[in-house]
Structure formats: structure tokens, C-alpha cells
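Chemist: What follows is a structure written as C-alpha cells; I'll ask about it next.
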Amino acid sequence: MASIFTKIIQGEIPCYKVAETDDFLAFLDINPNAKGHTLCIPKKEVDKIMDLDEETYIGLMRFARTVGIAIEKTIPCNRVGMTVIGLEVPHVHVHLIPLNSMEDARFLSKETLSKDDFEAVAKAINSNLE
Ligand code: AMP
């Protein structure tokens, strides 16, 4: 069965899109640790990051760097952290999280955003992509 992220890629499930290439997609995490929390995924559906072929792995990191730089320009924060977990969704994804403290990296306290907030943040990050 297709992963929830493949359904997002295919447009069956909506997302707040931040960036897209032929091979990768970035969209806002629906239950963010912090405003601007973004997921970067390969369009190729693979469960575990270490199972990616080298080209896709390096491409994903390059894509995440581009998105992370745009997040840093958009969201005031100490830095953008990068985390890979994957225990919930079996489709490789890199979390990019604006960090001000260790709490923001712990996936315990969550930020509540309205639809308008999500749309505005996704648009703002997208406009800072280079
Ligand atoms: P993990 O697999 O543990 O790295 O966590 C999966 C992440 O995907 C969580 O932070 C979820 O909030 C996020 N997530 C799950 N479903 C969606 C969705 N439909 N749109 C955006 N983010 C999602």
C-alpha cells in the first residue's frame, strides 16, 4: 500500500508545499515542533534512509540544505536542526526544525498553527528558496 507521503506526492492528500523538484518534495509537518518545521522526502518510496541508493541520499541532503537555508532566512531561530526518525511514517523523510532550545528537538511540545498560518509559512519559506 502506498505510504501517506506517496499519497501526498500523488495529490490524493493535501499538504502545505514548500518546495518541489522532479525527485524530491518539501512540505510542512502537520504536527510541528515549531513554526516552519518542514519534511523533505524523496518521491521514490523507500522506508529507511540507509536503504536509499547513494545518489538519492545525496540528492535528498542537497535538497534539504536548500530548503533549510530558506527556513533560516524565514523563521527567526537559533538554527535549523536536521533529524531523521521514521518510526511513524515508513517513507524516508528529513525533519528540518527551527530550533531555539533542546525542547524544539524533542518532539514532545508541539506548536498549534491555523490553516492560514501554515499557508503563510509555506509561502514565505518558498519565496526565500534560491
Ligand atoms: P516520524 O516517522 O517519527 O519521523 O514522524 C512522522 C512525521 O510526519 C510526524 O512529525 C508527523 O507529524 C508527520 N506527518 C504525518 N502525516 C503527515 C501529513 N499528512 N502531512 C504532514 N506531516 C505529516
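The values are calculated or read from the model by the stated rules, or taken from the named source; none is laboratory data. A quick note: this is a predicted structure, and the numbers were derived from the prediction, not measured. Here Cβ is always computed from backbone atoms with ideal geometry, including for glycine, and neighbour counts include all displayed protein chains. For the accessible areas, the whole protein counts, side chains as well, though only heavy atoms, and no ligand, DNA or RNA atoms are used. Shrake-Rupley method; radii C 1.70, N 1.55, O 1.52, S 1.80 Å.
Chemist: In the range 1-10, which residue that is aliphatic (A, V, I, L, M) and within 8 Å of the ligand (Cβ to nearest atom) is least open to solvent (accessible area, probe 1.4 Å)?
Modeler: It comes out as Ile8.
Chemist: Looking at Val80, Val92, which is the one that is assigned to a loop (DSSP other than H, G, I, E, B), surrounded by 14 or more Cβ atoms within 10 Å (Cβ to Cβ) and free of Cβ contacts under 8 Å to residues at least 60 places away in the same chain?
Modeler: It is Val92.
Chemist: I'm checking my understanding of the structure. Among residues of the range 11-34 that are within 20 Å of Gly59 (Cα to Cα) and open to solvent by 80 Å² or more (accessible area, probe 1.4 Å), which one is nearest to the ligand (Cβ to nearest atom)?
Modeler: Lys17
Chemist: Kindly establish whether Val18 is assigned to a helix (DSSP H, G or I) and closer than 13 Å to Ala122 by Cα.
Modeler: For Val18, the condition - assigned to a helix (DSSP H, G or I) and closer than 13 Å to Ala122 by Cα - is not met.
Chemist: Hey, another quick one. Just checking, how many residues over the range 35-66 are under 25 Å from Glu111 (Cα atoms) and in contact with a His (Cβ under 9 Å, 6 or more places away or on another chain)?
Modeler: Adding up the residues that qualify gives 5.
Chemist: In the range 35-51, what residues are over 27 Å from Arg79 (Cα atoms) and either open to solvent by less than 70 Å² (accessible area, probe 1.4 Å) or touching a strand residue (DSSP E or B) at 6+ places or on another chain (Cβ under 7 Å) (or both)?
Modeler: Hit for the range 35-51 is Val46, nothing else.
Chemist: Which of the following residues is more than 15 Å from the ligand (Cβ to nearest atom), modelled with pLDDT of 95 or more and closer than 23 Å to Lys7 by Cβ: Phe63, Phe107?
Modeler: Every option except Phe63 fails the conditions.
Chemist: Filter the range 105-130 down to the residues that are over 15 Å from the mean Cα position of the chain (by Cα) and buried (at least 17 other Cβ atoms within 10 Å of the Cβ) and list them by number.
Modeler: Leu113, the sole residue that qualifies.
Chemist: Answer yes or no as to whether Lys73 is surrounded by fewer than 18 Cβ atoms within 10 Å (Cβ to Cβ) and within 16 Å of the ligand (Cβ to nearest atom).
Modeler: No, not satisfied.
Chemist: Right, another one. Assuming Thr83 fulfils every condition listed in (1) within 10 Å of the ligand (Cβ to nearest atom); (2) touching a Ser or Thr at 6+ places or on another chain (Cβ under 7 Å) apart from one, which condition is it?
Modeler: Only one criterion in (1) within 10 Å of the ligand (Cβ to nearest atom); (2) touching a Ser or Thr at 6+ places or on another chain (Cβ under 7 Å) is unmet by Thr83, namely (2).
Chemist: Within 26 Å of Thr21 (Cα to Cα), out of contact with any helix residue (DSSP H, G or I) (no Cβ under 8 Å at 6 or more places or on another chain) and part of a loop (DSSP other than H, G, I, E, B): which single residue out of Leu129, Leu87 fits that description?
Modeler: So the residue among Leu129, Leu87 that is within 26 Å of Thr21 (Cα to Cα), out of contact with any helix residue (DSSP H, G or I) (no Cβ under 8 Å at 6 or more places or on another chain) and part of a loop (DSSP other than H, G, I, E, B) is Leu87.
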